[in-house]
Amino acid sequence: MASSKDPGAAALDVWALAGLPGQVAAASFLTSPNASQYRLIVRVLAQQQSASLTGVGHDDVAHLLRACLPDADADELLAGMNVDDRLAQLVAWGVCEAWQDRAETEADFLRNRGRYQLTEAGAYLHEVAQRLETELGPGSTASLMAPGTLAEQVEKTLAAARADDPVEANKAYSLVQTTLESMAQTASAWQSKLAAALGGAPDEAKVTRLLETILAYVEAWGSGVDAYSARIADAVGDLEALPSGWWRRVGLARLGADAPEHTVAEVADELGQVAATLRGWFCPPSPQAQRLRLQMRDAIAPVLRSHRTLLAVGGTISRKADLVRLAHAVEAAPDADAAWRVWASATALYSARHLTRQAPGVDAPLRTSVWDAPPVPISQRLRAHGQRSLTGRVARMADMSAARTAARHEASRQRADLALAEANLVARSGTALSSWEPLGALETELFLDLLSAAREGRAGAGTGDGAWTGTSADGRWKVSLTPVAPPATAIVRTPQGRVAVADAVMEFRP
């Protein structure tokens, strides 16, 4: 029961009873003030896992730690490290396991016979910490060929299902699961790095991080998602169609015939959920793999924009284009006064305003020679970047005057054609569709748009005569369709073919 003197004890008990995850003691070696020493011991033990399956002896730990330290300071660092206390603390946190080796000689009774090995939690946390500190890149080589591997292994799984071979299906499907996990971890790392690089003001580190993320995506998957998505999507439907009894047989092949029934059921559910994961990644309408590719594509523009911003701040980009544009504006001014106002507004170099009071005369003017004067301090940035505006040539501004003239002529022609097409349609207002002459290309587009507007804009069940009414998308025209009696079919001829609609009287009103 919580003490009344500790107001927080009751709250802690409530949280403990809630069944929520709490403190992970094994992760303490990553945040301890002596984290460097603890992590060095954990790294040494992790490296020895591939060479020894029976742990590392106490004396061997000391020798391995000495080999990892600088030769000049190895003795001093090792003496201040207190290896015994550090190993005992790692064992208390659950990072390492310790046991006593068997004594075979009398000397063994006099030495420390402890052996140490990382626990599962310690090995996993060490791997996670190393992954966080490594350079950007694909999480594992499995992600380099992930889409192709998934397509191949899913097809092998289906082939094994058709051959009624759960053992081979288990082998192929296990590769599908591990590849999906690798893809998810790699994609999660990419998305977190994208979010960190795109947030805030651009700097050199963020631009480099963003560019490396995009290149890592291209090198790891590239066009593999587009190349294999169709094959994977076609196979997902077949996977989902497999009965639940089949997945139970695959689970038995994985666990063995003596596995408990509840464990087999859990594995069968796990195998069945893989198809849902594949559908979310590769199947329409919004596959996650395609969304990740779009995120990478949309990140290219911020890379270029941020890179250009850094170059402009560093003085690499010349302002010649802006000065030339200002010169044209000054030259196009109607008179000198207007030209001066343009110049002053652009540069803020307005005329000086002098005080009416006269300045006192200088009795002893300063006549110190430049050879005797003290040096003027020049900033490091000016020394490093000041010469850039004088080296090389800046690209000339593109002359787009001819293109703008052509665009204005084309826009005028299109407006004239549209006005002519509207006039031709208005001339047919109040007549039945069956009596219309063949339409032109632009008239056809207008007719279909207005026809759709009329059919979509009908209110309720319509008026008493069954007329359809609506308004064009730009709101300039009101159109109505009044069916003829008796009902008939009208054929409207267009350059692209014929349009068969119910015959009606079509009216246009502005």
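Taking Leu446, is it part of a strand (DSSP E or B), over 30 Å from Arg325 (Cβ atoms) and touching a helix residue (DSSP H, G or I) at 6+ places or on another chain (Cβ under 6 Å)? Here the answer is no, as Leu446 does not meet what is asked.
Yes/no per residue for (1) among the acidic types (Asp, Glu); (2) modelled with pLDDT of 85 or more:
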{"residue": "Glu456", "(1), (2)": "yes, no"}
{"residue": "Gly460", "(1), (2)": "no, no"}
{"residue": "Arg476", "(1), (2)": "no, no"}
{"residue": "Val492", "(1), (2)": "no, yes"}
{"residue": "Arg498", "(1), (2)": "no, yes"}
{"residue": "Asp503", "(1), (2)": "yes, yes"}
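Given the structure, is Ala220 surrounded by 18 or more Cβ atoms within 10 Å (Cβ to Cβ) and at pLDDT 80 or above? No; evaluated as a whole, the condition is false for this residue.
Of the residues making up region 245-262, those that are loosely packed, with under 12 Cβ neighbours inside 10 Å and part of a helix (DSSP H, G or I) number 3. Taking region 164-210 as the search range and keeping residues that are of a type in the set (S, T, N, Q) and more than 30 Å from Gly245 (Cα to Cα), which one is surrounded by the most Cβ atoms within 10 Å (Cβ to Cβ)? My answer is Thr186.
Residues in region 51-80 that are aliphatic (A, V, I, L, M), within 45 Å of the chain's Cα centre (by Cα) and in a loop (DSSP other than H, G, I, E, B): Ala51, Leu53, Leu69. Scanning region 252-268 for residues that are touching a helix residue (DSSP H, G or I) at 6+ places or on another chain (Cβ under 9 Å), of a type outside the set (Val, Ile, Thr) and free of Cβ contacts under 8 Å to residues at least 24 places away in the same chain yields Leu255, Ala259, Ala265, Glu266. Among the residues here, Gly237 does not qualify as touching a Ser or Thr at 6+ places or on another chain (Cβ under 8 Å), assigned to a helix (DSSP H, G or I) and without any contact (Cβ under 8 Å) to a residue 40 or more places away in the chain. Any chance region 149-161 includes a residue that's within 24 Å of Val218 (Cα to Cα), of a type in the set (Ser, Thr, Tyr) and either modelled with pLDDT under 90 or in a strand (DSSP E or B) (or both)? Yes, region 149-161 contains a residue that is within 24 Å of Val218 (Cα to Cα), of a type in the set (Ser, Thr, Tyr) and either modelled with pLDDT under 90 or in a strand (DSSP E or B) (or both). For residues that are out of contact with any helix residue (DSSP H, G or I) (no Cβ under 9 Å at 6 or more places or on another chain) and under 27 Å from Thr208 (Cβ atoms), scanning just region 276-296, find the one that is surrounded by the most Cβ atoms within 10 Å (Cβ to Cβ). Only one residue tops the list, namely Arg291.
His385 meets the stated requirement of being in contact with a Gly (Cβ under 6 Å, 6 or more places away or on another chain) and at pLDDT below 80. On inspection, Leu439 fails the criterion of being assigned to a helix (DSSP H, G or I), aliphatic (A, V, I, L, M) and surrounded by 13 or more Cβ atoms within 10 Å (Cβ to Cβ). Give the residues of region 412-436 that are within 19 Å of Ala502 (Cβ to Cβ) and without any contact (Cβ under 8 Å) to a residue 12 or more places away in the chain, sorted by residue number. Within region 412-436, Ser435 is the sole residue that qualifies. Only residues that are touching a helix residue (DSSP H, G or I) at 6+ places or on another chain (Cβ under 7 Å) and over 18 Å from Ala276 (Cα atoms) were counted in region 162-186, giving 4.
The values are calculated or read from the model by the stated rules, or taken from the named source; none is laboratory data. It should be emphasised that the depicted structure is a prediction, and the values quoted were computed from it without experimental measurement. Cβ: placed from backbone, ideal geometry, glycine included. Neighbour counts: every protein chain shown.
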